[in-house]
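Report on the following structure.
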Amino acid sequence: QVQLVESGGGLVQAGGSLRLSCAASVSIFSIDAMGWYRQAPGNQRELVADITSGGSTIYADSVKGRFTISRDNAKNTVHLQMNSLKPEDTAVYYCKGVNGGHTYWGQGTQVTVSS
């Protein structure tokens, strides 16, 4: 069983930055891939960014060049640095881990970008 705990959400003005963190209850070396997803009201949950245990990354087109996902293996934490935030980035952001065919989700953290 893997537990994921997100932090770092909040309210920010358009153009601002936030850094989300996802702390895992196990060594992230043992997790095949970790990622950030988001869900805005009335929308489906969508991929924001993903990083594999080998460090390969993928990003949604809407966040390329603005968001960066990274791993801190020593702290079993994955970060999402979000710059140049836009009102359309407003959503609940969830951390996801995939390990051995099992999928784990965090509880989510709210990000609100005001115009």
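The values are calculated or read from the model by the stated rules, or taken from the named source; none is laboratory data. Computed from a predicted structure; not experimentally measured. Positions of Cβ are generated from backbone atoms using ideal geometry, with glycine treated the same way; all protein chains shown enter the neighbour counts. These accessible areas exclude ligands, DNA and RNA; they are computed on the full protein's heavy atoms, side chains included. Shrake-Rupley method; radii C 1.70, N 1.55, O 1.52, S 1.80 Å.
Taking the DSSP beta bridges in the chain as the whole, what percent of them are antiparallel, to the nearest 5? DSSP beta bridges in the chain are roughly 90 percent antiparallel. Computed from the C-beta positions of S62 and L11, the FRET efficiency with R₀ = 22 Å rounds to 0.60.
Charging the Cβ of each Asp and Glu at -1 and of each Lys and Arg at +1, and nothing else, the dipole of the stretch 15-89 about its Cα centre rounds to 180 debye. Of all accessible surface on the chain at a 1.4 Å probe, what whole percent is carbon and sulfur? Roughly 47 percent of what the probe reaches on the chain is carbon or sulfur. Cα centroids of the stretch 34-69 and the stretch 99-115: 10 Å apart.
Each Cα pair under 8 Å and six or more residues apart adds its sequence gap; the mean of these over the residue count of the chain is a relative contact order of 37 percent. For N83 and S30, the difference between the fully extended length at 0.36 nm per residue and the C-alpha to C-alpha distance is 16.2 nm.
Rolling a 1.4 Å probe across the protein heavy atoms gives the chain an accessible surface of 51 Å² per residue.
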